[in-house]
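As structure tokens, the structure follows; a few thoughts come after it.
The values are calculated or read from the model by the stated rules, or taken from the named source; none is laboratory data. Please read these numbers as outputs of a predicted model, since none were measured by experiment. Neighbour counts are summed over all protein chains in view; Cβ atoms, including those assigned to glycine, are modelled from backbone coordinates with ideal geometry. Just so you know, the surface numbers come from the protein's heavy atoms only, side chains and all, with ligands and any DNA or RNA stripped out. Shrake-Rupley method; radii C 1.70, N 1.55, O 1.52, S 1.80 Å.
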Amino acid sequence: MGSRLTAGLLVALAAVSLTTGALLESGLPPPPSQLAFILLGLVTPALGWLLAVRRPFSPYGWLLLATAVFLGLGSLGAGIALAAGTPAGVPGWLTGLFAVYFGLNSIFVPLLFPEGRLPSRRWRPVAWISAGTIGAHALGVAAAWPVSGPQTPPVSMTAAAVGALGQALSWVMAVIVLVGLVVRWRRSAVTERGQYAWMVAGATANILSFVALIVFLMGGDAGWGLVGVTGTLGSLPAAVGVAIVRHRLLDIRIGIRGSRLLFVFDVRPSVGDVLSSLGSAMEERPEPAALIGRLAASVRSALETTWAAVRLADGTRVVAGVEVGPLRSSCRSGAGSASWSAARGSTAG
């Protein structure tokens with residue numbers, strides 16, 4: 001109940017601040033472009049709420065909620081500044097939170113996909129450096145915005161330089177994370193390759209959206225700005241949403257029963273569910289590796305472990321999840337033709 005209340009409050013903060021800032025900027029009635037901005041901006045808090053409520057033990061939903069809150073507060077700061085004509089002070093500092101949103105969205109959302117944890121310890125330096133660059137970018141923007149006129153104080157110029165450096169390094173870290181994501185996609189199991197492919201596509205579109213925004217800010221027409229804003233707000237949430245629906249990210253999927261479209265939240269499938277799923281898979285006549293991968297994924301989901309592996313008597317072995325942590329349990333079939341093993345570190349909430 002506490003997780004549901006906390007997630008709801010964060011969603012309300014993100015939605016109210018985002019909508020208020022956008023309406024302060026454009027006035028009433030808002031133009032279609034501003035309505036589109038609001039709707040796209042609400043996708044991330046909606047996904048964060050869904051994951052945080054249904055899987056509160058996973059940090060990924062809370063990461064999405066934090067990302068949405070920073071987007072909302074940044075929008076609120078910009079709206080207050082533009083409406084009141086006083087960009088300094090509190091509005092300026094709130095606007096600086098846009099930088100935190102961009103950093104979380106471009107770096108940490110793809111980096112921590114899908115469990116909300118680093119892929120390995122080797123990524124710790126990337127995470128710490130990214131946090132530093134995001135902080136520098138945000139502080140620089142907040143202290144220097146706006147920088148204009150011949151009488152600009154030296155401290156504002158210094159802050160602007162720090163912010164620009166932080167922004168540039170944040171882009172570099174985003175590209176590094178994208179490269180690492182591509183490697184993870186190529187090395188992932190058959191059952192997980194689809195969800196990683198969508199995240200690679202989303203992260204790539206997000207970076208290209210930044211390029212479009214730069215072109216717009218350097219004098220490009222409004223089309224570049226539209227592409228940039230749409231891609232920045234929508235590409236990564238779309239990738240996460242597809243992974244949730246199509247690839248059962250964190251056991252959340254959509255089911256169709258008759259004429260009704262249902263959200264199905266599986267906490268732990270029964271033995272009958274697992275056998276039914278495997279029976280349906282057999283009817284599709286999949287490749288052996290894909291069928292073994294589905295079996296491994298079913299074992300992992302049923303036991304709520306971080307990874308599970310299935311090994312056949314001929315030595316074929318397929319792993320579902322990231323194979324880290326000590327062995328939790330193992331089993332061998334009576335005929336000795338197959339065995340499975342799973343890791344310690346259950347994902348149960």
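Checking the structure you have, find out if any residue of the range 91-106 is touching a residue at least 24 places away in the same chain (Cβ under 8 Å), in a loop (DSSP other than H, G, I, E, B), touching a helix residue (DSSP H, G or I) at 6+ places or on another chain (Cβ under 9 Å) and over 19 Å from A238 (Cβ atoms).
yes
Can G202 be described as surrounded by 20 or more Cβ atoms within 10 Å (Cβ to Cβ) and at pLDDT 90 or above?
Values: surrounded by 20 or more Cβ atoms within 10 Å (Cβ to Cβ): yes; at pLDDT 90 or above: yes.
So G202 passes the test.
Here's a check for you: in the range 131-164, which residue that is over 18 Å from the mean Cα position of the chain (by Cα), farther than 15 Å from W93 by Cα and modelled with pLDDT of 90 or more is surrounded by the fewest Cβ atoms within 10 Å (Cβ to Cβ)?
G132
Kindly indicate the residue of the range 107-130 that is farther than 21 Å from S188 by Cα and free of Cβ contacts under 8 Å to residues at least 12 places away in the same chain and also most open to solvent (accessible area, probe 1.4 Å) among those meeting that condition.
Among residues in the range 107-130 that are farther than 21 Å from S188 by Cα and free of Cβ contacts under 8 Å to residues at least 12 places away in the same chain, the one most open to solvent (accessible area, probe 1.4 Å) is W128.
For the range 216-241, which residues satisfy the criterion of being open to solvent by less than 60 Å² (accessible area, probe 1.4 Å) and not in a helix (DSSP H, G or I)?
The one that is open to solvent by less than 60 Å² (accessible area, probe 1.4 Å) and not in a helix (DSSP H, G or I): G220.
Could you list, in sequence order, all residues of the range 178-195 that are in contact with a Phe, Trp or Tyr (Cβ under 7 Å, 6 or more places away or on another chain), free of Cβ contacts under 8 Å to residues at least 24 places away in the same chain and either more than 16 Å from G321 (Cα to Cα) or assigned to a helix (DSSP H, G or I) (or both)?
Within the range 178-195, W185, R193 meet the criteria.
Identify all residues within the range 229-266 that are out of contact with any Phe, Trp or Tyr (no Cβ under 6 Å at 6 or more places or on another chain), among the small types (G, A, S) and at pLDDT 85 or above; write none if there are none.
Correct list: G231, G234, S235, A238, G241.
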